[in-house]
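Reading through the structure tokens given below for one structure.
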Amino acid sequence: MRSIREIYKIGKGPSSSHTMGPERAAKLFLQRCPQAERFEVTLYGSLNKTGVGHGTDNVLKETLGTDRTQIIYSPLEWDGMHPNTLDFKGFAGEKEVGFLRVESVGGGDIRVPGEPAAAAGEEVYVEHSFAEIHDFCKWRYIETLSEYVELNEGPEIWDFLMDVWQTMKRSIEEGLAAEGILPGGLKIKRKAKELRETQLAIREPALIEFHQIASYAFAVAEQNASNGTVVTAPTCGACGVLPAVLKYAQDTKGYTDEEICRALATAGIIGNLTKTNASISGAECGCQAEIGTACSMAAAALAELYKQDLDQLEYAAEVAMEHHLGLTCDPICGLVQVPCIERNAVAAMRAMNACNMSYFLTGSRNISYDMVCRAMKETGVNMNHRFRETSEGGLAKLYGRRNTRKSQ
């Protein structure tokens, strides 16, 4: 597996696969085709269907040059096509001087078909499943995944994760302070500040916990929806789950930033395993791949903080993913707002519950994390394409019908 640095990317929202990935692809094409005077970029699959709502066209024009870039939306599909595929063409005058096909594979990562995977990043971890990691840790008397991370990544990983954590906290702070309407045309009002203020007046403990966690998750997800700076965890669309859970744990339990970074390391391994063995892309496997993975990462991070053993940690991560199986990706109008923002808050609470269950049910479990990952991938690839980030099914379709009827 590659470094957990590939899971945590700091950048602008609203979508890691639709904005961060295409931006990296455009920069790669600029490097390979410096002689080009103008560009044509053809978007396929999910990029074609939700690219405008996700801001793909804007980020490509900003990167390549607004006045010299033409975006083409193509319904063309072919066998084996990745659902987030872009074709770049460069021209000098009327002559085509360069071509590059790129796939945006989720979490801001890109892949050039036909080129070695190693070109995208160096392998850091020999183990490629939780079972292999568990066996290795047992053999080496390693008690936590954070120790395993340091062994493979080196002590410099902690400086990187501290930057990640500080960025996550800034996203929460900025989101809690912001007010107004989110961009995109749905006229969605920011709710994070309201949730936080409501929580301060509540006396019921269970509601206090919910409002506090929800306000943090909304804060980050709303920052993402407004093109603010966030950290993929593992994607932009699911970026509010992990920071919400960790900030709540720090507020209520007094964990240090260094302890939080160890939790981030553990969460990164879970995200890495899912990305390696299944997918973290909504266009490939639905929202189960994004929110489901984020929930598993958060549950595992809590298990690290609570000093649970590796069996308990695996159970927490497995439960978190298992109960997201089949979750569709159906963003209304192609925007990362409805139902995406609320899902971040719900998944954060579910991560808390999954970790709590692991205290007393681990010994009776039947499902491994590796198994639930395989199930998620199988579910995702067999899911109708309308429910994989195309905005052609589910809530996105019904919302469009409702608005059409209102206007008639």
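If you fit an axis through the alpha-carbon atoms of helix 394-407 and take the longest principal axis of the Cα set of the chain, what angle between them do you get, 0 to 90°, nearest 10?
Taking the Cα atoms of the chain, the angle to 394-407 is about 60 degrees.
In sequence order, what are the phi-derived ³J(HN,Hα) couplings for the range 100-113 according to the Karplus relation 6.51 cos²θ - 1.76 cosθ + 1.60 with θ = phi - 60°, rounded to whole Hz, with x for glycine and proline?
8, 9, 10, 10, 8, 9, x, x, x, 7, 10, 9, 9, x
Please name whichever of I142, V112, L182 sits farthest to the positive end of the charge dipole of the range 79-193, dipole taken about the Cα centre and charges placed at Cβ: Lys and Arg +1, Asp and Glu -1.
Positive-end residue among those listed: L182.
Only Lys, Arg, Asp and Glu count, each charged at its Cβ (+1, +1, -1, -1), so figure out the dipole size of the range 276-408 about its Cα centre, rounded to 20 debye.
820 debye
Explain nothing, just the number: dipole magnitude of the range 1-152 about its Cα centre with +1 on each Lys and Arg Cβ and -1 on each Asp and Glu Cβ, in debye rounded to the nearest 20.
For this selection, approximately 460 debye.
Relative contact order of the range 151-206, please, whole-number percent, based on alpha carbon pairs below 8 angstrom and at least 6 residues apart.
Once normalised by length, the contact order is 21 percent.
For the chain, which whole-number percentage of the solvent-accessible area (1.4 Å probe, protein heavy atoms only) is attributable to carbon and sulfur atoms?
Percent of accessible area from carbon and sulfur atoms in the chain: 50.
The chain: percent of C-alpha pairs farther apart than 36 Å?
Counting pairs separated by more than 36 Å, the tail of P(r) holds 22 percent.
How long is the range 197-264 along each principal axis, judged by its Cα atoms, biggest number first, in Å?
34, 29, 14
Calculate the dipole size of the chain relative to its Cα centre from +1 charges on Lys and Arg beta carbons and -1 charges on Asp and Glu beta carbons; express the result in debye to the nearest 20.
Charge dipole, the chain, about its Cα centre: 1660 debye, nearest 20.
Give me the angle, in degrees from 0 to 90, between the Cα long axis of helix 21-32 and the longest principal axis of the Cα atoms of the chain, rounded to the nearest 10.
Once rounded, the angle reads 50 degrees.
What residue among V97, H211, I260 has its Cα farthest toward the positive end of the dipole of the chain, where the charges are +1 on Lys, Arg and -1 on Asp, Glu, each on the Cβ?
Selected residue: H211.
Tally Lys/Arg at +1 and Asp/Glu at -1 over every other residue whose Cβ is under 14 Å from the Cβ of L176; what's the total?
0
For the range 254-263, what does the Karplus curve 6.51 cos²θ - 1.76 cosθ + 1.60, with θ = phi - 60°, yield as ³J(HN,Hα) per residue in whole Hz, taken in order and with x for Gly and Pro?
Computed from phi, the couplings for the range 254-263 are x, 5, 6, 4, 5, 5, 4, 4, 5, 5 Hz.
By average Cβ neighbour count within 10 Å, what is the ranking of 284-292, 92-100 from highest down?
The peptides rank, most packed first, as 284-292, 92-100.
Cut-off under 14 Å on the C-alpha distance; same-chain residues fewer than 8 positions from K95 excluded. Which aspartates and glutamates are left, in chain and number order?
K95 reaches E37, E40.
Tell me which cysteines of the chain come out unpaired when the rule is another cysteine's Cβ under 4.7 Å.
C33, C137, C236, C239, C261, C285, C295, C333, C340, C355, C373
List the pairs from K138/K247; K138/K307; K49/K193; K187/K275; K12/K397 whose alpha-carbon separation is above 22 Å, in the order I gave them.
Flagged as over cut-off: K138/K247; K49/K193; K187/K275; K12/K397.
Around Y44, under 9 Å between beta carbons, what's the net of Lys plus Arg minus Asp minus Glu among the other residues?
-2
Run the numbers on the range 1-130 and let me know its relative contact order in percent, using alpha-carbon pairs under 8 Å that are six or more apart.
Contact order relative to length: 35 percent.
The values are calculated or read from the model by the stated rules, or taken from the named source; none is laboratory data. Since this is a predicted model, take the numbers as computed values, not measurements. Neighbour counts are summed over all protein chains in view; Cβ atoms, including those assigned to glycine, are modelled from backbone coordinates with ideal geometry. These accessible areas exclude ligands, DNA and RNA; they are computed on the full protein's heavy atoms, side chains included. Shrake-Rupley method; radii C 1.70, N 1.55, O 1.52, S 1.80 Å.
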